[in-house]
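Nothing in this text is a laboratory measurement; each read-out follows from the coordinates by a stated rule. Since this is a predicted model, take the numbers as computed values, not measurements. A quick note on method: Cβ atoms are made from the backbone with ideal geometry, for glycine too, and the neighbour counts reach across all protein chains shown.
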Amino acid sequence: MTLIKSISGIRGTIGGQPGEGLSPIDLVKYAAAFATWVKESSGKQKPTVVVGRDARISGPMVSAIVVSTLTGMGCNVVNIGLATTPTTELAVTAEKADGGIILTASHNPKQWNALKLLGNKGEFLNAEEGEKVLAIADAGNYFFAAVDDLGNVTEKDYTEYHIQHVLNLELVDRAAIKKAGFSVAVDAVNSVGGIVMPRLLKALGVKNVVEINCEPTGYFAHTPEPLPENLVETSAIVKESKVDVCFVVDPDVDRLVVINEDGSMFSEEYTLVAVSDYVLKQTPGNTVSNLSSSRALRDVTEMHGCSYSPAAVGEVNVVEKMKETGAVIGGEGNGGVIYPASHYGRDALVGAALFLSHLAKTGLKCSELRKTYPDYFMSKNKIELTPNIDVDTLLVEVQNKYSNEKVTTIDGVKIDFAESWVHLRKSNTEPIIRIYSEAKSEEEAKNIAQKVVQTIKEII
């Protein structure tokens, strides 16, 4: 059993003893702590909190406990049920709510679930806010409401609201998409994407939608993280179906991965690159991505005469840097597109609509569009952590080992070489060290990663 507490939320495997997994006791503890923080930050005795969830198996149980805890703390709850992460973010602002909780473990397997916490802007809590929630939980410093002060629950569906929000974006060109007569496949890995993505595509004017794993059962048809090794069967279906493009989303639909018409991968790193290229053509401006994202975004940004800035890993860090630099587009190389004209959150619906607009206007096949961007190859590796490993000391030793290179330490250790880079950091969501590397060839990227892995093995 695993329980990971961080500023981005509380994530763990379902079951086990309290404090060792995401048990019902832990759900009450952290939901109550969040309710206390919401009351303090809003200055209201009866604040409003939006709750949405993905379709994983534990969802109904987790939702029932969290909603009941919030009402027990005196909060009014707007329960939007099965909803994507970006849908829940939009619902917070639409309801003028004081906070939100998204019940999803994102790309983690079915045994995981999580409470992802939002402030009144529908954005993830920053470090200071997240630490306050954790401190309240650790101290047990929360008080449940008396019977006359219990909160109420209102149930709403925000799916159509989100779709209409995307359709209304200025750079979403429905006419061009309809004229292109696209046939589009979508793999929603048996979660909430199966509810919203086909409806969005049809509303955009897509001629034919091929649904893959779109039943929101929570029994994921493949490992839910949308990586190439998990999409072999999907790629085969795409090739056989003769579609123009396939969109793959993770269980909470904040990551968008594209598969070309021939079944080859567009590459999750290039979702943001392609969408940014389209946005910058229409509205030039700055861009941002995290340190573990491809250099291709920097290259494309500079090609448009604009400026690129890196940020620490984590959506809240990217959003903070985007606001600081006034970026018109940004996100993460894992397929997470953040488009401020919509809202400050990763949104696969927005990403898909902008990508289709771009594809339609270029007149290119999806695989041909991919070839218009600079080629980089990334290798993503990880090292399992054991309790005896001092990660901070380990990273300092790696930093010292490569002190002759350009080293960035705002988030773990990133080592920039002339034509490549490698980034090591402790994961916020799993007990691992992530090791990402990128180079001009797949072999070189793997070699760089293996060299660093060997360095770490020698240290520990």
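Ranked by the mean number of other Cβ atoms within 10 Å of their residues, highest first, the peptides 59-69, 226-236 fall in the order 59-69, 226-236. Here the spin labels are modelled as points 7 Å beyond Cα on the Cα-Cβ line, and at ASN447 and GLU397 they lie 2.6 nm apart.
When each of the peptides 314-326, 113-125, 131-143 is scored by the mean number of other C-beta atoms lying within 10 Å of its residues, the order from highest to lowest reads 113-125, 314-326, 131-143. Normalised by the number of residues in the chain, the average gap of Cα pairs under 8 Å and 6 or more apart makes the relative contact order 12 percent. The distance linking the range 363-384 with the range 336-362 is 18 Å (Cα centroid to Cα centroid, whole angstrom). As a proxy for reagent exposure, ranking VAL92, VAL258 by other Cβ atoms within 10 Å from fewest up yields VAL258, VAL92.
Each of VAL300, THR362, TYR339 was placed along the dipole of the chain (beta-carbon charges, centred on the mean Cα), and the one lying farthest toward the positive end is THR362. Please work out the C-alpha center-to-center distance from the range 385-436 to the range 172-223 and express it in whole Å. Using only Cα atoms to place each centre, the spacing works out to 38 Å.
Please work out whether the range 198-265 counts as rounded, prolate or oblate from its C-alpha gyration tensor, where a ≥ b ≥ c are the square roots of the eigenvalues and a/c under 1.5 means rounded, while otherwise a/b larger than b/c means prolate and anything else oblate? The shape class here is oblate.
Could you state the number of Å between the C-alpha centres of the range 72-122 and the range 1-52? Value for the Cα centre distance between the two parts: 11 Å.
When the helices of the chain are scored as -39500 (n - 2.57) per DSSP H run of n ≥ 4 and the total is divided over every residue, the value at 222 nm lands at -12000 deg cm²/dmol. Note on the chain: antiparallel DSSP beta bridges, both residues inside, total approximately 60 percent of the bridges counted. With both residues required to sit in the range 3-157, DSSP beta bridges show an antiparallel share near 45%.
Going by the alpha-carbon gyration tensor, a ≥ b ≥ c the square roots of its eigenvalues, is the range 3-157 rounded (a/c under 1.5) or, if a/c is not under 1.5, prolate (a/b greater than b/c) versus oblate? Here the range 3-157 falls in the rounded category.
By the beta-carbon count within 10 Å of each Cβ, the least crowded to most crowded order of THR287, THR85, fewest first, is THR287, THR85. Between PHE144 and GLU233, the modelled label-to-label distance comes to 4.3 nm, taking each label 7 Å out from Cα in the direction of the beta carbon. Ordering of 384-397, 166-179, 238-251, 294-307 by packing is 238-251, 294-307, 166-179, 384-397, highest average first (other Cβ atoms within 10 Å, averaged per residue).
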